[in-house]
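Okay, structure first, notes after.
Since every read-out is calculated from the coordinates, none of them should be taken as a lab result. What you are looking at is a predicted structure, and each value in this text was computed from that prediction instead of being measured. Here the Cβ positions follow ideal geometry from the backbone for every residue, glycine too, while neighbour counts run over all protein chains shown.
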4 protein chains.
Amino acid sequence: MTPEERKRRRDDDDDDKKEDPRAFAFDASVSLESLRLAQADFATARDWDQFHTPRNVLLAMVGEVGELSELFQWRGDDECSVGLPQWSEHDKTHLGEEMADVLLYLVRLADQCSVDLPTAARRKLEKNKQKYPPELCKGSAAKYTEYQTKNE
Amino acid sequence: MTPEERKRRRDDDDDDKKEDPRAFAFDASVSLESLRLAQADFATARDWDQFHTPRNVLLAMVGEVGELSELFQWRGDDECSVGLPQWSEHDKTHLGEEMADVLLYLVRLADQCSVDLPTAARRKLEKNKQKYPPELCKGSAAKYTEYQTKNE
Amino acid sequence: MTPEERKRRRDDDDDDKKEDPRAFAFDASVSLESLRLAQADFATARDWDQFHTPRNVLLAMVGEVGELSELFQWRGDDECSVGLPQWSEHDKTHLGEEMADVLLYLVRLADQCSVDLPTAARRKLEKNKQKYPPELCKGSAAKYTEYQTKNE
Amino acid sequence: MTPEERKRRRDDDDDDKKEDPRAFAFDASVSLESLRLAQADFATARDWDQFHTPRNVLLAMVGEVGELSELFQWRGDDECSVGLPQWSEHDKTHLGEEMADVLLYLVRLADQCSVDLPTAARRKLEKNKQKYPPELCKGSAAKYTEYQTKNE
C-alpha cells in the first residue's frame with residue numbers, strides 16, 4: 001500500500017483507526033536531509049546564517065515548543081484523544097504549523113551543531129529497543145512507569 | 001556529490017565549512033515516515049500505545065527539550081560556535097542522543113495527532129519564504145530582529 | 001486565620017477543598033527578595049557568578065521545566081486532579097523540589113537581568129484584571145478559550 | 001540599608017553594579033503567598049478554577065517559558081550581559097512581563113498541586129548548600145561543569 005493509498009483509506013474510514021493504527025501515514029518522500037538543505041538555503045538567501053548560532057537556534061526552538069504547548073493548554077485529555085477527532089480542521093492545520101516550526105528549528109540546530117540527526121535518531125531507537133525489552137515491558141501502567149523511572 | 005562524499009570532504013577539510021556550508025550533510029536515506037513507523041512498532045510491541053496520548057507525548061517531548069538545553073546551559077556562545085569545534089566527540093554523541101529524543105517524541109506526537117509532519121514542514125517553509133522576502137530581509141541584525149518581531 | 005491554621009484545617013478536612021479553596025496556603029513569611037538574596041549569596045560563596053549570565057540561567061531554567069514536566073508525562077489528567085490526591089507523599093516531595101528548581105532559577109534570572117520580579121508580577125496581575133473583566137469572562141470553556149485566543 | 005535605599009542607590013549609580021552586586025534588590029514586601037492568593041481570587045472571580053487543572057497550568061507555564069525564551073533568541077551573550085545594559089527600557093519592561101507570566105503560572109501550579117512552594121524552595125536551597133560545599137566548588141569552569149554533571 002503506498003502512503004497515498006494509506007491516507008485515502010484513512011480519510012474514508014476514520015473510525016477504523018483503532019483497529020488499524022497503520023492507516024495513518026506521513027508523506028514518505030520527505031527526508032530530514034531535504035529539510036536541512038531547504039532550511040540552509042533559506043537562511044543563506046537572507047544572510048541569516050550569522051544569527052543561527054547553536055544557542056540562538058536552541059532558544060528559538062524552545063519558543064516554538066511553547067507555542068505548540070499553548071494549543072494544548074486549555075483542552076483536557078478528554079478533548080485530545082488519539083487522532084484529535086475533537087479538533088476542527090483549522091485547529092489541526094495550526095497545530096501542524098507549530099509542529100513544523102519545532103521540527104525546522106531542530107533540524108537547523110542539528111545542522112549548526114554538525115550532528116547527523118537522522119543517524120542519531122536511528123541509533124537512539126536501537127538503544128531504546130535494547131533498554132526496554134518487550135517481554136519485560138509489556139503490562140500495566142504501573143510497571144511501565146517504574147521501568148521508565150528506573151532506567152531514566 | 002553524494003552525502004557520503006560530502007561528509008568525507010567535511011572531515012578532511014573542516015576549516016572550509018564557512019566557505020562551503022553544504023559540506024556537512026545528514027544521512028539522506030532517512031525519511032520522517034520511516035521514523036514514524038519504527039516508533040509506532042516500538043510502542044505496539046511493548047503495549048505502550050495506551051500511554052501515548054497527545055498530551056502525554058507532548059509533556060515527554062518538553063522533558064527532552066529540557067535535557068537538550070542542559071547540555072548548553074553552562075557553555076557560553078564562545079564555547080558553542082557553529083559546528084561545535086569546542087565539544088568533545090563524547091559530548092557531541094550525547095548531544096545527538098538528546099536531539100534524537102526530541103525528534104522521536106515530536107514524530108510520535110504528530111502520529112498520535114494524525115498530523116502529516118513532513119507535509120506540514122514543507123508548507124511552513126513555503127509560507128516562511130513568502131513572509132520573509134530575501135530582498136527585504138537581507139541586512140543588519142537590527143533589521144532582522146525588527147522584521148521578525150513585526151511578523152511574529 | 002493564620003497560614004498554619006489554614007493548613008491544619010486542610011489536613012483535617014481535605015474533601016472540603018472545593019467548598020473552601022482558601023484552605024490551602026503557602027508559608028506566608030517567604031518573600032521573593034529573601035530567595036533572591038539567598039541565591040545570590042549561594043553563587044558568590046562558590047564563585048559561580050561568572051557562570052550565571054542571563055542566557056545561561058535561562059537555559060538552566062528550561063532544563064528544570066523539563067524535569068518538572070517529566071513528573072506529569074505518564075499520568076493522565078485523571079491521575080492529576082487538583083490537590084494531587086492520587087500522588088504519594090514521596091512523589092509530592094519530589095514535585096516540590098522540581099518546582100523549587102524552576103523558581104530558584106527564575107529568581108536568579110530576574111536578578112541577573114535587574115528585573116524586579118515581584119513588582120513585575122503585581123503589575124501583570126493588574127493588567128490581567130483589566131484584560132479579562134469578570135463579567136465578560138465568566139462562563140463556558142468555549143468562551144474562555146475564545147476570549148483567551150482573541151487576547152493573546 | 002533598606003531595599004528602597006538599595007534601589008535608589010542603584011538608580012543613581014548604575015555603573016557600580018559590578019563593584020556591589022547587592023545594589024540591586026526586589027521589592028521586599030511581596031510574599032509568594034500574596035501572589036498565590038491574588039491568583040486564586042483572580043481565577044475564582046472569573047469561574048476559571050475549572051480550567052486550572054495541574055496539567056493545564058503546567059502546559060500554560062511551558063507556553064510562557066517559550067515567550068520568555070523568544071526575547072533572548074536573537075541576542076547573543078554579548079548583548080545579554082548581567083543587568084542587560086544593552087536592552088531598552090521598553091524591552092526590559094516586556095521581559096518583566098514574561099517573567100511575571102512564568103512566575104504566576106508556577107505559583108498557580110503549586111497551589112493547584114497543594115505544594116507549599118516557598119517552603120520547598122527554602123528546603124532545596126539548603127539541600128544545594130550541602131550538595132555543593134563552597135570549598136570544593138570554588139574554581140574553574142571545568143570543575144564547576146564536572147561537579148554539576150556528577151551530581152545531577
(request) Express the relative contact order of the stretch A:28-115 as a whole percentage, based on alpha carbon pairs under 8 Å and six or more residues apart in sequence. (result) 51 percent
(message) Within 10 Å of each Cβ in B:80-86, how many Cβ atoms from other chains are there, averaged over the peptide?
(response) 5
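From the cross-link list A:K124/B:K127; B:K92/D:K124; A:K124/B:K92; A:K127/B:K124; A:K92/B:K124, which pairs have alpha carbons spaced over 22 Å apart? Write down the numbers at each step before the final one.
Values: A:K124/B:K127 32 Å; B:K92/D:K124 31 Å; A:K124/B:K92 14 Å; A:K127/B:K124 32 Å; A:K92/B:K124 14 Å.
Over 22 Å apart, Cα to Cα: A:K124/B:K127; B:K92/D:K124; A:K127/B:K124.
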(request) In nm to one decimal, list the spacings between the D:K138 label point and its equivalents in the other copies, with label points set 7 Å along Cα to Cβ, shortest first. (result) 5.5, 6.0, 6.1
(request) Distances from C:H90 to the same position in the other copies: list them in nm, one decimal, shortest first, using label points 7 Å from Cα along Cα→Cβ. (result) 3.2, 4.9, 5.4
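I need B:T93, D:T119 ordered by Cβ neighbour count within 10 Å, fewest first.
Lowest count first: B:T93, D:T119.
What's the local net charge at D:R122, with K and R +1, D and E -1, over the other residues with C-beta under 14 Å away?
That sum, taken over residues with Cβ under 14 Å, equals -3.
Work out the length of the dipole vector of the stretch A:28-115 about its Cα centre, built from +1 on the beta-carbon of each Lys and Arg and -1 on the beta-carbon of each Asp and Glu, and round it to the nearest 20 debye.
Roughly 340 debye, rounded to the nearest 20.
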(request) Select the chain B residue whose beta carbon lies nearest to the rotation axis carrying chain B onto chain D, and write the distance in whole Å. (result) B:D77, 2
(message) Using a label point 7 Å beyond Cα on the Cα-Cβ vector, give me the inter-copy distances for D:S29 in nanometres, one decimal, shortest first.
(response) 2.1, 6.7, 7.0
